[in-house]
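Here's the structure, in structure tokens; my notes come after.
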């Protein structure tokens, strides 16, 4: 029987909130270290009946999207393209798994890019580990793409092509349905490296792992004697779980809201310097989809095999979309007759252009009180980052001109605020609570037992997809936490002691 003021005994050593890239990687590392881990996922496991490869159900009807209603900075309704399921967004992503360049850990003041409190060298061994687990490999460029790249680079020597590091099975081309539907679809045959199959499946049979799905976390629980020390979580359905270490991995749009709620309810919002930074510095990449039409039919299957960069646009990159004709047709305007859309798409190649955006406090995630409950708000405006906006426009025009020069007519569609595939930065890592949320270990400044292991910690998003860096960050943070527990320091060792 518990007495007043007595703290409940912890059920687990670690609670991890979210099963996407960061949550799954941290779970893998901590379970293998022998810790008792509770992994909480807001969604459920995806079906394996082939429905996640169905273009109509996935793209046209959006059956697997979360449909959570938000507001933008002007108070307009917004429905982000989010997925709540075991494995998170990684089940749906295009499996492009890049390392950030060494210079992309440094600040770039002219581009409003924050620096990291650690360098490439500290993440390198965890990049290695993540690549091995995810099965990262290169595929040879197929004939159509090889012809396009050859013509582009011959006409303009500033374009440079590199192999695309992909988390796809070596033999995926032998399964045409999966090979044509991996970019934006969830694999049924396990041919894509992602959080569930590459990390969680390796530890789900472990006795020290408990995985709960349909378990949405509402807030954090304080220790009885100190609100800055986290002792567990409370779910939206009222259930409570306790552990001396909680890792937030719900994603850059959701983890900061959990922490914001706790800081407000505990009275810490006005006491801890770090509170002012939670939710700020949202980064989304500046994104454009481009479809280039050719007089000839395009027959490549995988397509997403190379990345292009341009010397005059150092914060930008372009990669082919892994879209076949059926998928490219979904990008064309609805007024185009379907028979014509299909004919055009058979002669088209899709591209995905991205430019790193900087960090600005005004781009932020928050919640607004309403009668029906808190409403999430995504206040983001690219005009707050003029350097990124300017480079992206110039980069897009440069690619259009270059494609036209080799006989391909290209049309573009900007990815709007709802396209949150690369959201990060809302709880960035840094040396000081005055301008960051977590330290170089992932521990929240000024708090005990609370860590962040998802993309919200990234102070920079690079010019490429951030997924591999999220995996590497989570593997490193979890390794440091495990090391501190083995040393009996309860997570309070300095970074130098933990190395």
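Worth a mention:
- Selection within the stretch 321-349 - over 18 Å from residue 177 (Cα atoms) and within 24 Å of the chain's Cα centre (by Cα): 331
- Residue 256 meets the stated requirement of being in the same structural domain as residue 16 (by TED's automatic domain parsing), over 26 Å from residue 201 (Cα atoms) and crowded, with 24+ Cβ neighbours inside 10 Å.
- Condition check for residue 463: buried (at least 22 other Cβ atoms within 10 Å of the Cβ), in the same structural domain as residue 250 (by TED's automatic domain parsing), within 18 Å of the chain's Cα centre (by Cα) and not in a helix (DSSP H, G or I): yes
- Looking only at the stretch 269-287, residues that are surrounded by fewer than 20 Cβ atoms within 10 Å (Cβ to Cβ) and in contact with a strand residue (DSSP E or B) (Cβ under 6 Å, 6 or more places away or on another chain) come to 1 in all.
- Output for the stretch 428-448, where each listed residue is in contact with a strand residue (DSSP E or B) (Cβ under 8 Å, 6 or more places away or on another chain), surrounded by fewer than 18 Cβ atoms within 10 Å (Cβ to Cβ) and either free of Cβ contacts under 8 Å to residues at least 24 places away in the same chain or within 14 Å of residue 247 (Cα to Cα) (or both): 448
- Evaluation of residue 98 against (1) in contact with a strand residue (DSSP E or B) (Cβ under 8 Å, 6 or more places away or on another chain); (2) closer than 19 Å to residue 22 by Cα; (3) not in a loop (DSSP other than H, G, I, E, B) (one fails), failing number: (3)
- Residue tally, condition under 19 Å from residue 378 (Cβ atoms), assigned to a helix (DSSP H, G or I) and in contact (Cβ under 8 Å) with a residue 40 or more places away in the chain, over the stretch 251-287: 8
- Flag if residue 68 is touching a strand residue (DSSP E or B) at 6+ places or on another chain (Cβ under 8 Å), within 26 Å of residue 366 (Cα to Cα) and at pLDDT below 95: yes
- If you check 468, 399 for being within 28 Å of residue 59 (Cβ to Cβ), touching a helix residue (DSSP H, G or I) at 6+ places or on another chain (Cβ under 8 Å) and surrounded by 19 or more Cβ atoms within 10 Å (Cβ to Cβ), only one passes: 468.
- The set of residues from the stretch 10-23 being under 15 Å from residue 127 (Cα atoms) and either surrounded by fewer than 24 Cβ atoms within 10 Å (Cβ to Cβ) or out of contact with any strand residue (DSSP E or B) (no Cβ under 9 Å at 6 or more places or on another chain) (or both) comprises just one member, 21.
- Lone qualifier among 33, 26 - being touching a helix residue (DSSP H, G or I) at 6+ places or on another chain (Cβ under 8 Å), surrounded by fewer than 19 Cβ atoms within 10 Å (Cβ to Cβ) and over 30 Å from residue 318 (Cβ atoms): 33
- Scanning the stretch 82-95 for residues that are under 21 Å from residue 214 (Cβ atoms) and part of a loop (DSSP other than H, G, I, E, B) yields 82, 83, 84, 86, 87, 92.
- All conditions but one from (1) in the same structural domain as residue 403 (by TED's automatic domain parsing); (2) crowded, with 18+ Cβ neighbours inside 10 Å apply to residue 343; the one that does not is (2).
- Within the stretch 81-103, residues that are not assigned by TED's automatic domain parsing to the domain that holds residue 213 have Cβ atoms under 6 Å from residues that are modelled with pLDDT of 95 or more and not in a loop (DSSP other than H, G, I, E, B) in no pair, counting only partners at least 6 apart in sequence or on another chain.
The values are calculated or read from the model by the stated rules, or taken from the named source; none is laboratory data. In this text the structure is predicted, and so the values were computed from the model without any measurement. Neighbour counts are summed over all protein chains in view; Cβ atoms, including those assigned to glycine, are modelled from backbone coordinates with ideal geometry.
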